[in-house]
Amino acid sequence: MKIEKIDLSILSIPLKTPFITALRRVDTARDLIVKITTDDGHTGYGSAPATVVITGDSHESEAAAINNIIGPAIIGMDIDDRAAILSRIQSSMVHNSSAKAAVDIAVHDLFGQRYGLPLYRFFGGARKRIVSDLTISINEPAVMVADALKAVRAGYTNVKLKVGIDAALDLQRVTAIRKAIGPHISIRLDANQGWTVKEAIRTIHAMEDADLAIELIEQPVPAWDMEGLQQVTDSVDTDIMADESAFSPRDVFRLLSLRACDLLNIKLMKAGGLGPASQIAAMAEACGIRCMMGCMIESKIGITAAASLAAGTPAITINDLDAADLMASDPVHGGIHYEKNEIVLPDAPGLGITAIEE
């Protein structure tokens, strides 16, 4: 089974409601779709959103990287040589992590098909179902309360609240939501780099003093400030998670060396695919650090790949893989499906994706 050609296209899917964070607003999810065809007629799918405010990758840059550099580097290689292909993808150029991830996912899809193995089984097969939270966009407190209550009624037991634009208003938002949803629903916060170190410590202490029972707070300070992240982690009782600070295994090595966080958020588009993401999970497990499997605003292709790694990896104990559930339609046939707050993995080989309506 040798890689014969790589085709690219764009898939656009409107969201049910706008997705708003401290960094951006998204109304329509747009994925670059990668389709790798082998000499024996098999097709592997991968995808990459354009998250320029986080990864710096646009669809134009992703397509150029795949068409001109990454694709030519692996054309003609045998899918059985998975490790060599993944090495070639990563070494073909620096940065461009989303483009690398899309090709990496398609290669893993083909590898699973080659051996008749669902990807979650390939990565360890610990679970066929995993629990995800649902993200609540940053908004006025009353709107966020309504959105959180809707999520709870839909069966979600964990909600992730976007904060980070106004620390004082963030405290009001979280207080109102905790009062509305009660003590038994887990609340996670994502500041998306929106606070300074002092703001973060002051705000988190206020939340602790108010007994808001926040499970974790994700990336409270700018991504580049690992020492600041360490200071926040050391100063509060609430668990602190690194997200935008944790791209590559090298970034994670530094975070772990500094003991700068309590948790890591692994995202395929940051790491460069399933290969590097699995390395990060192994590093975290060796250091006794738990991981969240996260995602961008991306289609079910990337979510299926991420869920497959999460389902088979003991170090990944938390999941934020709700993106495909935020979309108004589902043009991807096969892959994962949602049952309330659970993601159910497919038993078909690879990603289990059979077709895409474009």
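Counted residue by residue at 0.36 nm each, then reduced by the alpha carbon distance between them, the extension gain from THR28 to ASP237 reaches 71.5 nm. Taking other residues whose beta carbon is less than 14 angstrom from the beta carbon of ILE165, and scoring Lys, Arg as +1 and Asp, Glu as -1, yields -1.
Stretching ASP209 away from LYS5 to a fully extended chain increases their span by 67.6 nm, per 0.36 nm per residue minus the current alpha-carbon distance.
For the listed peptides 138-144, 199-205, a ranking on the average number of other beta carbons within 10 Å per residue, highest first, reads 199-205, 138-144. From most to least packed by mean Cβ count within 10 Å, the peptides 296-302, 66-72 give 296-302, 66-72. For the pair the range 306-358 / the range 238-252, the C-alpha centres are spaced 23 Å from each other. As a rough footprinting exposure proxy, the listed residues MET77, MET283 were ranked by other beta carbons within 10 Å of their own, and the order from fewest upward is MET77, MET283. Counting only alpha carbon atoms, the long axis of helix 300-311 and the longest principal axis of the chain meet at about 80°.
Computed from Cα atoms, the angle from the helix 167-181 axis to the main principal axis of the chain rounds to 90 degrees.
Partner lysines whose Cα lies under 20 Å from the Cα of LYS2, excluding those fewer than 8 positions away in the same chain, are identified as LYS35, LYS100. In terms of other Cβ atoms within 10 Å, TYR120, TYR115, TYR156 run from fewest to most in the order TYR115, TYR156, TYR120. By the scheme Lys and Arg +1, Asp and Glu -1, what is the net charge of all other residues having a beta-carbon under 11 Å from that of LYS267? Value of the local net charge: -3.
As a proxy for reagent exposure, PHE253, PHE122 were ordered by neighbouring Cβ count within 10 angstrom, fewest first; the result is PHE253, PHE122. The base-10 log of I(q)/I(0) for the chain, evaluated at q = 0.08, 0.10, 0.13 Å⁻¹, reads -0.36, -0.57, -0.96 [Debye formula, identical scatterers on Cα atoms, solvent excluded].
Charge tally for GLY194 (other residues, Cβ to Cβ under 10 Å; Lys, Arg +1; Asp, Glu -1): -3. Could you give the angle, 0 to 90 degrees to the nearest 10, between helix 274-286's Cα long axis and the longest principal axis of the Cα atoms of the chain? Compared with the principal axis, the helix lies near 50 degrees.
Judged by the mean number of other Cβ atoms found within 10 Å, the most tightly packed of the peptides 241-252, 103-114 leads the ranking 103-114, 241-252. Projected onto their three principal axes, the Cα atoms of the range 3-116 cover extents of 42, 29, 19 Å, largest first. In this calculation the C-beta distance from THR175 to ALA64 is compared with R0 = 56 Å, giving a FRET efficiency of 0.75.
Each reported figure results from applying straightforward, stated rules to the coordinates on display, with no laboratory input. Not measured: the values here are computed from a predicted model. Ideal geometry is used to build each Cβ from the backbone, glycine not excepted, and the neighbour counts take in all protein chains shown.
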